[in-house]
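Below is one structure, written out as structure tokens; the observations come after it.
The values are calculated or read from the model by the stated rules, or taken from the named source; none is laboratory data. As the structure is a computational prediction, the values presented were derived from the model and not from experiment. Ideal geometry is used to build each Cβ from the backbone, glycine not excepted, and the neighbour counts take in all protein chains shown. Surface areas here come from the heavy atoms of the whole protein model, side chains and all, with no ligands, DNA or RNA. Shrake-Rupley method; radii C 1.70, N 1.55, O 1.52, S 1.80 Å.
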Amino acid sequence: AQSVSQHNHHVILSEAASLELGCNYSYGGTVNLFWYVQYPGQHLQLLLKYFSGDPLVKGIKGFEAEFIKSKFSFNLRKPSVQWSDTAEYFCAVNARSSNTGKLIFGQGTTLQVKP
Amino acid sequence: DTAVSQTPKYLVTQMGNDKSIKCEQNLGHDTMYWYKQDSKKFLKIMFSYNNKELIINETVPNRFSPKSPDKAHLNLHINSLELGDSAVYFCASSQTGGLLLEQYFGPGTRLTVT
């Protein structure tokens, strides 16, 4: 069965610090990969996605993620976080063979940025 | 011009009651989903409909019944509510086919069962 693991459950950073959130998935086939963000009290919004091509993808608000196929990883990075980045971050995987769009989510990482 | 909307936003009800949550999308997408987010913020898919046809039906109690009157709407009806049903329920939509499987989420419905 497919699964997604996010290693960091709760991350606390000061403003301007660099961020890296880990995401690993277990599935041997071709996948689509996503990072979603949920700001306090809001719905999930897409940060970035990877379908194919350049494994380094850039998203909104200065976020980027790198797909490393050999490590089954899709880590999220940002060079300098801001207080407004405080939110819940979810990694998600879709198996292309499913043809259903079904997303498997990781358990989420709570990011708290101190001003 | 909200893309995916849900009603109600908050729902407080007693055990044993029956309730419905409505979802509508105006993106022209052909697929809609229901997710449940528990108290630990874990998101799990429950159902998905493609052009009014059920295509994903995860292990969910049969007290939960999705209904899709047309491809722009996917409602969730819950019978005999239990305390464990308390959660935030998110509706989402996407356009299947090709690589565009990005899902757009609604604002969520916070269900509290007392």
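Testing B:P69 on (1) more than 12 Å from every other protein chain (Cβ to nearest Cβ); (2) open to solvent by less than 50 Å² (accessible area, probe 1.4 Å), one condition comes back false. Which one is that?
Looking at each condition in turn, B:P69 falls short on (2).
For segment A:21-52, which positions are farther than 26 Å from B:G108 by Cβ, exposed (fewer than 13 other Cβ atoms within 10 Å of the Cβ) and more than 10 Å from chain B (Cβ to nearest Cβ)?
Listed by number, the residues that qualify are A:S26, A:G28, A:G29, A:T30.
Considering each of A:L56, A:L103 in turn, give the residue that is closer than 22 Å to B:A3 by Cβ and not acidic (D, E). Walk me through how you get there before you give the answer.
On the way: A:L56 fails: closer than 22 Å to B:A3 by Cβ.
Answer to the selection: A:L103.
Just checking, how many residues over segment A:88-110 are over 23 Å from A:Q42 (Cα atoms), open to solvent by less than 40 Å² (accessible area, probe 1.4 Å) and more than 7 Å from chain B (Cβ to nearest Cβ)?
Here the count works out to 1.
Residue pairs, Cβ under 6 Å, 6 or more apart or interchain, first in segment B:4-31 and farther than 18 Å from B:K52 by Cα and polar (S, T, N, Q), second open to solvent by 70 Å² or more (accessible area, probe 1.4 Å) and assigned to a loop (DSSP other than H, G, I, E, B). List them.
Partner pairs satisfying both residue conditions: B:Q14/B:T114.
Would you say B:L81 is more than 12 Å from the chain's Cα centre (by Cα) and either open to solvent by 30 Å² or more (accessible area, probe 1.4 Å) or more than 9 Å from chain A (Cβ to nearest Cβ) (or both)? Give the steps one after another, and end with the answer.
On the way: more than 12 Å from the chain's Cα centre (by Cα): yes; either open to solvent by 30 Å² or more (accessible area, probe 1.4 Å) or more than 9 Å from chain A (Cβ to nearest Cβ) (or both): yes.
Yes, satisfied.
A:F72 passes all but one of (1) within 14 Å of the chain's Cα centre (by Cα); (2) away from chain B (no Cβ under 11 Å); (3) open to solvent by 60 Å² or more (accessible area, probe 1.4 Å); (4) without any contact (Cβ under 8 Å) to a residue 24 or more places away in the chain; which number fails?
Here A:F72 clears every test but (4).
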